[in-house]
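*Asks:* Here it is, the structure in full.
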Amino acid sequence: MAQQRKIRVLETIRQGKIGGGESHVLDLVASLDKTQFEVVVLSFTDGPMVTALQAMGITVEVISSSKAFDLSVWLKVRKFIRSHRIDIVHAHGTRANTNILWAARSLGKPIVYTIHGWSFHEGLHPLARRARVAAEKFITRMVQHNICVSESNRETGHKAFGTFKATVIRNGVNLVKFNAEGIYPDVKAAYGIPADHLVVCYIARMTLQKDPVNMLKAFALVLQQVSNITLLMVGEGELKQAAEAEARQLGITDHVVFDKFRQDVPAVLHAADVYCLPSLWEGFPIGVLEAMAMGKAVVASDVDGTREAVVHEENGLLIPASNADALAAAIVRLAKDPTLRKRLQFSAATAVRTRYNVATVTKKIEAVYHQLFKS
């Protein structure tokens, strides 16, 4: 009996910078069964993710585009899909979907769309939100299989579109990479953070969604009650300069360390005691899962996908979004109560090991690919 050929899958994402969706793609590509699947990646900007994929020996290409529904790249994408003999196209995020949709459909290729968080989020002008709802409704109906990374994202889709079909496959963590028992360089000493200081870590794109300025306002309140503590903020984004200016204005620069995004996130998390993600909205935050996997006490906003990962008082603390007082109070509580901190750290690591292993997530996605390839 002839051996069945490998299924050729195109994973496509809007950018090469590292964020939640990009980390998911890296882990998925690394974890897919290479005896069954051959993977190609298409990104619409260059960046560290592209470099990481190249180091893994994965075929990856950049077709430059910085907007959704970019007609100028559609023919290039079509040519790319044909030349690589792709069987299934998996789009991660709205922009990637809108820029592969016509090409994949014109070639009769099945499309999987993973929604890592809806584009019609909080804080948009009503007209912009309406336009984005219409766009998402259209593209979710044009694909063969939708995947939501949280139950709340699926519910949001139902409410927005009336009818919406999707499978919920929550994000997972590479537990080999994010290993709390691993040996890591002393990041704390490298940053010059005093040995007796607790480290509060914020690793995220510094954008409106991740609310970095409010993080600093909260930390200024923390410093009124706790002195031996440092905030480490790692990441880039359009609010980075505003965050640095806020730290100066609040007079807390001696207790705040800023750095650009780092590839060695496990080492950074290893140096931390508390991880904070004060998002205004989330799909299903991989950053939170990574911190939990590394055995960190998590403080995060009580928003959609996050509350499916963090159970308040059980494996982390949830606080209202945009509330500097509540965020500060949670950090102070953890700083002053090492017993609570250790209990949450242990429960966080256990929760990720048992529920959010990337290997389990990958098997579920592979099942979707097999289903589409046969149909």
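*Asks:* Take the conditions in contact with a Leu (Cβ under 6 Å, 6 or more places away or on another chain) and either assigned by TED's automatic domain parsing to the domain that holds Ser279 or outside any loop (DSSP other than H, G, I, E, B) (or both) and apply them to Val112. Does it pass? Explain how you work it out, then say what you get.
*Replies:* On the way: in contact with a Leu (Cβ under 6 Å, 6 or more places away or on another chain): no; either assigned by TED's automatic domain parsing to the domain that holds Ser279 or outside any loop (DSSP other than H, G, I, E, B) (or both): yes.
The answer is no for Val112.
*Asks:* Do the conditions hold for Val213, that is, is it part of a helix (DSSP H, G or I) and surrounded by fewer than 20 Cβ atoms within 10 Å (Cβ to Cβ)? Steps first, please.
*Replies:* On the way: part of a helix (DSSP H, G or I): yes; surrounded by fewer than 20 Cβ atoms within 10 Å (Cβ to Cβ): yes.
In short, yes.
*Asks:* Among the residues of the stretch 1-39, write down those that are β-branched (Val, Ile, Thr), surrounded by 20 or more Cβ atoms within 10 Å (Cβ to Cβ) and without any contact (Cβ under 8 Å) to a residue 60 or more places away in the chain.
*Replies:* Listed by number, the residues that qualify are Val29, Val39.
*Asks:* Restrict the check to the stretch 143-160 and report whether at least one residue is assigned to a helix (DSSP H, G or I), over 23 Å from the mean Cα position of the chain (by Cα) and of a type in the set (D, E, K, R).
*Replies:* Yes.
*Asks:* Checking Val133 against (1) under 25 Å from Val77 (Cα atoms); (2) part of a loop (DSSP other than H, G, I, E, B), only one condition comes out false. Which one?
*Replies:* All conditions pass for Val133, except number (2).
Okay, residues lined up against (1) without any contact (Cβ under 8 Å) to a residue 60 or more places away in the chain; (2) closer than 25 Å to Ile193 by Cα; (3) under 20 Å from the mean Cα position of the chain (by Cα):
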{"site": "Gln241", "(1), (2), (3)": "yes, yes, no"}
{"site": "Arg248", "(1), (2), (3)": "yes, yes, no"}
{"site": "Asp254", "(1), (2), (3)": "yes, yes, no"}
{"site": "Ser279", "(1), (2), (3)": "no, no, yes"}
{"site": "Val298", "(1), (2), (3)": "yes, yes, yes"}
{"site": "Val310", "(1), (2), (3)": "yes, no, yes"}
{"site": "Ile331", "(1), (2), (3)": "no, yes, no"}
{"site": "Lys342", "(1), (2), (3)": "yes, yes, no"}
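*Asks:* Here is a list of conditions, (1) more than 21 Å from the chain's Cα centre (by Cα); (2) part of a loop (DSSP other than H, G, I, E, B); (3) hydrophobic (A, V, I, L, M, F, W, C), and Trp118 meets all of them except one; can you say which number that is?
*Replies:* Failing condition for Trp118: (1).
*Asks:* I need a count of the residues in the stretch 60-94 that are under 24 Å from Ile7 (Cβ atoms) and either of a type in the set (Ser, Thr, Tyr) or in a loop (DSSP other than H, G, I, E, B) (or both).
*Replies:* Qualifying residue count for the region: 7.
*Asks:* Report, ordered by the first and then the second residue, all pairs with beta carbons closer than 6 Å, sequence separation of six or more or different chains, a first member in the stretch 80-96 that is among the small types (Gly, Ala, Ser), and a second member that is assigned to a loop (DSSP other than H, G, I, E, B) and modelled with pLDDT under 95.
*Replies:* So the pair list comes out as Gly93/Arg14; Gly93/His116; Ala96/Arg14.
*Asks:* Just to check your reading of the model, which residue among Ala367, Ala326 is of a type in the set (A, V, I, L, M, F, W, C), surrounded by fewer than 14 Cβ atoms within 10 Å (Cβ to Cβ) and out of contact with any Ser or Thr (no Cβ under 6 Å at 6 or more places or on another chain)? Write out each step before concluding.
*Replies:* Working: Ala326 fails: surrounded by fewer than 14 Cβ atoms within 10 Å (Cβ to Cβ).
Result: Ala367 is the single residue among Ala367, Ala326 that is of a type in the set (A, V, I, L, M, F, W, C), surrounded by fewer than 14 Cβ atoms within 10 Å (Cβ to Cβ) and out of contact with any Ser or Thr (no Cβ under 6 Å at 6 or more places or on another chain).
*Asks:* Let me ask something else about it. Only residues that are more than 16 Å from Leu280 (Cβ to Cβ) and either in contact with a helix residue (DSSP H, G or I) (Cβ under 7 Å, 6 or more places away or on another chain) or not hydroxyl-bearing (Ser, Thr, Tyr) (or both): list them for the stretch 107-131, please.
*Replies:* Leu107, Gly108, Lys109, Pro110, Ile111, Val112, Tyr113, Ile115, Pro126, Leu127, Arg130, Ala131
*Asks:* Please verify whether the stretch 151-160 includes one or more residues that are farther than 21 Å from Ala96 by Cα, assigned by TED's automatic domain parsing to the domain that holds Trp102 and β-branched (Val, Ile, Thr).
*Replies:* No: the stretch 151-160 contains no residue that is farther than 21 Å from Ala96 by Cα, assigned by TED's automatic domain parsing to the domain that holds Trp102 and β-branched (Val, Ile, Thr).
*Asks:* Also, I was wondering about something else. Got a sec? Which of Val73, Val39, Val9 is more than 19 Å from Thr98 (Cα to Cα) and at pLDDT 95 or above? Break it down into steps so the answer makes sense when it comes.
*Replies:* Working: Val73 fails: more than 19 Å from Thr98 (Cα to Cα); Val9 fails: more than 19 Å from Thr98 (Cα to Cα).
None of the others qualify; the one that does is Val39.
The values are calculated or read from the model by the stated rules, or taken from the named source; none is laboratory data. Quick caveat, the model's predicted, so the values are computed rather than measured. Neighbour counts run over all protein chains shown; Cβ positions are idealised from the backbone, glycine included.
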